[in-house]
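A.B. asks: My structure is below; once you've seen it, I'll send some questions.
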Amino acid sequence: MRTPTSAPKTATKKSAPRKPAKAPPPRMTLAEALRALEKAGTAQARKTYTRHGAAEPMFGVSFATLKELTKRIDVDHELALGLWDTGNFDAQNLAVKIVDPARMKPADLDRWARDMSPSRMCGAYAAMLAAETPHGAAKAAEWLASKNARLHGAGWVLLSQLAQRDETAPDAYFEKRLAEIERTIHAASNAERELMNMAVINIGGRSPALRQAALAAAKRIGKVEVDHGDTACETPDATEYLKKYWAHATSKGFESPAAQERKRERPRRRC
């Protein structure tokens, strides 16, 4: 009688030892961030920013450098709050790029919108931030009803962002705001006229129906005069801009300019 042989043993493969997790880079302190901004500042940038409405204190940091710092820091809410509270133009620009929208309280949004720089280049970032929070619609209503010029202007910027990104809001809401712009734009302040004109464009980029409504409103509004001071900035013609806006989006396969914008990084982070 044959004795059954046992099955051959299979060699067990030893797993390679796991590499220890790479430690995250140390957080940048407020002092370090300010030193980096100060080192990157230039007199030429300060001159340019001043022409566009920025006010001291500022270092004059290029937006390319701000983008590098944003990539390095990513999101740091506490650092953002500290940078904002310095009142420095460049520090506040960096703050809106690294802040955590989910942790912004309604009172913080009000304060940032009131305190933001009037610069045409980036003064709207704090208002754009509100569109990324659960408080966007409520803040748009509050700010557009405010007597404070900064908050009222912020309301138009926020409205533009909601038109582009809030898919839950009904078109009728934006139609009412278009009618308000049409009634009041020519009597508004210089800075506000620019923001209202852009709101017409962004509302018109939301849907085909609002495209037609915005084009009709723009035709009735006519030319919008904005004094851009000693800069090369120009006020876009809403009618022509909307035509190009839609042509570009549809050529890329999007159903609307707003749909295309929703696929892009938020403007406060990408610009």
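A.B. asks: Suppose we filter T133, T70 for residues that are within 29 Å of F254 (Cβ to Cβ) and either touching a strand residue (DSSP E or B) at 6+ places or on another chain (Cβ under 9 Å) or outside any helix (DSSP H, G or I) (or both); which single one remains? Steps first, please.
C.D. replies: Values: T70 fails: either touching a strand residue (DSSP E or B) at 6+ places or on another chain (Cβ under 9 Å) or outside any helix (DSSP H, G or I) (or both).
Selected residue: T133, the only one of T133, T70 that is within 29 Å of F254 (Cβ to Cβ) and either touching a strand residue (DSSP E or B) at 6+ places or on another chain (Cβ under 9 Å) or outside any helix (DSSP H, G or I) (or both).
A.B. asks: Among the residues of segment 122-131, is there at least one that is buried (at least 23 other Cβ atoms within 10 Å of the Cβ), under 22 Å from F63 (Cβ atoms), among the hydroxyl-bearing types (S, T, Y) and modelled with pLDDT of 95 or more?
C.D. replies: No, because not a single residue in segment 122-131 is buried (at least 23 other Cβ atoms within 10 Å of the Cβ), under 22 Å from F63 (Cβ atoms), among the hydroxyl-bearing types (S, T, Y) and modelled with pLDDT of 95 or more.
A.B. asks: Right, A232: without any contact (Cβ under 8 Å) to a residue 12 or more places away in the chain and not aromatic (F, W, Y) or not?
C.D. replies: On the way: without any contact (Cβ under 8 Å) to a residue 12 or more places away in the chain: yes; not aromatic (F, W, Y): yes.
Here the answer is yes, as A232 does meet what is asked.
A.B. asks: Restricting segment 29-44 to residues that are more than 15 Å from W84 (Cα to Cα) and among the aliphatic types (A, V, I, L, M), which is surrounded by the most Cβ atoms within 10 Å (Cβ to Cβ)?
C.D. replies: Ranking the candidates gives A36 first.
A.B. asks: OK, next. Restricting the first residue to segment 251-268 and requiring it to be on the phi < 0 side of the Ramachandran plot, which pairs with a second residue that is among the aromatic types (F, W, Y) meet a Cβ separation below 7 Å and a spacing of at least six or different chains?
C.D. replies: Short answer, once both residue conditions are applied: P257/Y245; P257/W246; Q260/F254; R268/Y125.
A.B. asks: A further question on this structure: Go through E240, E265, E261 for me and flag whichever is surrounded by 16 or more Cβ atoms within 10 Å (Cβ to Cβ) and under 24 Å from H52 (Cβ atoms).
C.D. replies: None of the other options fit; the residue is E261.
A.B. asks: Shifting gears a bit: Just a yes or no: is a residue in segment 175-190 at pLDDT below 95, surrounded by fewer than 19 Cβ atoms within 10 Å (Cβ to Cβ), assigned to a loop (DSSP other than H, G, I, E, B) and not hydrophobic (A, V, I, L, M, F, W, C)?
C.D. replies: Yes, some residue in segment 175-190 is at pLDDT below 95, surrounded by fewer than 19 Cβ atoms within 10 Å (Cβ to Cβ), assigned to a loop (DSSP other than H, G, I, E, B) and not hydrophobic (A, V, I, L, M, F, W, C).
A.B. asks: Let me ask something additional. Could you list all residues from segment 199-210 that are surrounded by 20 or more Cβ atoms within 10 Å (Cβ to Cβ) and in a helix (DSSP H, G or I)?
C.D. replies: A199, V200, I201, N202, I203, G204, L210
A.B. asks: Return the total of residues in segment 47-63 being surrounded by fewer than 18 Cβ atoms within 10 Å (Cβ to Cβ), in a helix (DSSP H, G or I) and of a type outside the set (A, V, I, L, M, F, W, C).
C.D. replies: Of the residues in segment 47-63, 4 are surrounded by fewer than 18 Cβ atoms within 10 Å (Cβ to Cβ), in a helix (DSSP H, G or I) and of a type outside the set (A, V, I, L, M, F, W, C).
A.B. asks: Something else: Would you say A95 is at pLDDT below 95 and buried (at least 24 other Cβ atoms within 10 Å of the Cβ)?
C.D. replies: Working: at pLDDT below 95: no; buried (at least 24 other Cβ atoms within 10 Å of the Cβ): yes.
When the stated conditions are applied, A95 does not pass them.
A.B. asks: Any idea which residue in segment 211-234 is surrounded by the fewest Cβ atoms within 10 Å (Cβ to Cβ), counting only those that are of a type in the set (K, R) and assigned to a helix (DSSP H, G or I)?
C.D. replies: Initial filter on segment 211-234 (of a type in the set (K, R)): 211, 219-220, 223.
Within this subset, residues satisfying the condition of being assigned to a helix (DSSP H, G or I) are 211, 219-220.
Numbers: R211: 19, K219: 10, R220: 8.
Out of the qualifying residues, it is R220.
A.B. asks: Of the conditions (1) farther than 23 Å from S207 by Cα; (2) in a loop (DSSP other than H, G, I, E, B), R150 clears all except one; give me its number.
C.D. replies: So the condition that R150 fails would be (2).
So that you can scan it fast, the table gives a plain yes or no per residue for (1) of a type in the set (K, R); (2) in a helix (DSSP H, G or I); (3) without any contact (Cβ under 8 Å) to a residue 24 or more places away in the chain; (4) in the same structural domain as R51 (by TED's automatic domain parsing):
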| site | (1), (2), (3), (4) |
| --- | --- |
| T65 | no, yes, no, yes |
| L83 | no, yes, no, yes |
| G87 | no, no, no, yes |
| N93 | no, yes, no, yes |
| M128 | no, yes, no, no |
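The values are calculated or read from the model by the stated rules, or taken from the named source; none is laboratory data. Keep in mind that what you see is a predicted model, and the values were worked out from it rather than measured. Counting neighbours? That spans all protein chains shown, and the Cβs are built from the backbone with ideal geometry, glycine included.
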